[in-house]
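Participant: First the structure, then my questions, so here it is.
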Amino acid sequence: MSAWLECLRYTTQTPNWKTTAMKETRLSIDIVSDTVCPWCVIGYRNLQQALRELAPEISADIRWRPFQLNPDIPPEGESLFEHIRKKYGSSEAESRAMRERITALGAESGFEFRFTDDFKTWNTFDTHRALLWAADQGRETALQEALFTAYFTQGENPGDPEVLVREAASAGLAADDLREVLSSDRYRAETVKALQEVQQLGITGVPNFIINQRYSISGGQPVAAFRDILTRLANEAA
């Protein structure tokens with residue numbers, strides 16, 4: 001993948017973009033994401049809705065790439081409110097308002113966020129190890145979806161080995177195999193390398209959607225944005 005990406009921005013005024021693809025086109029989409037990122041959930045679900053609306057003319061092969069929002073979080077986690085306050089200087093009122101906005105956007109996409117006063121953020125290095133392992137089994141999306149729910153809806157630690165093993169089983173993966181992975185150094189070097197590769201692309205925040213290894217869309221974009229951008233790129237590829 002090139003170290004240079006063309007950033008695409010959505011605008012409601014796109015007169016040169018066709019509204020439908022001319023023929024069936026399959027795109028590749030790499031989603032740079034962290035499991036503790038709420039905008040990654042919203043962006044992914046809006047992308048999926050856009051793809052459903054564009055099917056069968058436009059479809060996509062999706063791959064997940066790792067990013068750590070909080071690589072220095074200790075194993076015991078940290079209060080999300082305290083973390084946001086220290087990182088961004090947000091007041092309690094501002095933090096609560098943002099949670100309410102995220103919860104509402106999640107509901108629009110069919111996802112339930114359950115933020116509580118004791119909600120925590122966690123270190124996700126082992127989460128990404130598990131996802132790389134799941135990718136080798138062709139089940140990374142299923143595991144990622146399960147972990148989003150485990151964290152944001154059930155309030156669990158997505159880096160906890162027991163949570164990872166349980167959710168792997170729910171995603172149709174061999175739980176005992178993942179347990180062995182997590183108790184060893186397997187996929188550790190691969191995860192470090194994958195994290196570094198994302199940094200080398202100049203990506204500093206998530207979500208980021210890399211289309212056809214060239215175009216980059218950042219943020220939890222609305223369905224209309226994904227629908228229009230994917231249509232444009234599909235027509236260009238035709």
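The values are calculated or read from the model by the stated rules, or taken from the named source; none is laboratory data. Because the structure is a prediction, the values reported are computed rather than measured. No Cβ is skipped: glycine too gets one built from the backbone with ideal geometry, and neighbour counts run over all protein chains shown.
Participant: Which of the residues spanning the stretch 175-222 are among the charged types (D, E, K, R) and closer than 24 Å to G138 by Cβ?
Facilitator: D176, D177, R179, E180, D185, R186, R188, E190, K193, E197
Participant: If you don't mind, there's one more thing I want to ask. At least 2 residues that are at pLDDT below 95 and not polar (S, T, N, Q) in each: list the helices (runs of 4 or more DSSP H) lying fully within the stretch 35-109 that qualify.
Facilitator: 80-88, 92-108
Participant: While we're on this one: Filter the stretch 216-226 down to the residues that are part of a helix (DSSP H, G or I) and surrounded by 21 or more Cβ atoms within 10 Å (Cβ to Cβ) and list them by number.
Facilitator: Of everything in the stretch 216-226, those that are part of a helix (DSSP H, G or I) and surrounded by 21 or more Cβ atoms within 10 Å (Cβ to Cβ) turn out to be A225, F226.
Participant: Just to be sure I understand, how many residues within the stretch 181-204 are within 18 Å of the chain's Cα centre (by Cα) and either in contact (Cβ under 8 Å) with a residue 60 or more places away in the chain or within 20 Å of K23 (Cα to Cα) (or both)?
Facilitator: Number of matching residues: 8.
Participant: Could we say that Q213 is surrounded by fewer than 21 Cβ atoms within 10 Å (Cβ to Cβ) and modelled with pLDDT under 95 here?
Facilitator: So Q213 passes the test.
Participant: Something else now. Farther than 15 Å from L47 by Cα, touching a residue at least 24 places away in the same chain (Cβ under 8 Å) and over 14 Å from the mean Cα position of the chain (by Cα): does that describe R129?
Facilitator: yes
Participant: Separate question: Give me the pairs: first residue in the stretch 144-161 and within 19 Å of R63 (Cα to Cα) and modelled with pLDDT of 95 or more, second residue among the β-branched types (V, I, T) and surrounded by fewer than 24 Cβ atoms within 10 Å (Cβ to Cβ), beta-carbon distance under 8 Å, and six or more apart or on different chains, which are they?
Facilitator: L147/V163
Participant: Further, regarding this structure: (1) part of a loop (DSSP other than H, G, I, E, B); (2) of a type outside the set (D, E, K, R); (3) at pLDDT 95 or above; (4) surrounded by fewer than 20 Cβ atoms within 10 Å (Cβ to Cβ): which one isn't true of F113, the others all being true?
Facilitator: (4)
Participant: Search the stretch 90-117 for residues that are free of Cβ contacts under 8 Å to residues at least 24 places away in the same chain and pair each with any residue that is surrounded by 11 or more Cβ atoms within 10 Å (Cβ to Cβ) and assigned to a helix (DSSP H, G or I) when their beta-carbon atoms are under 6 Å apart and the residues are at least 6 apart or on different chains.
Facilitator: Correct list of pairs: S90/I84; S95/F81; S95/I84.
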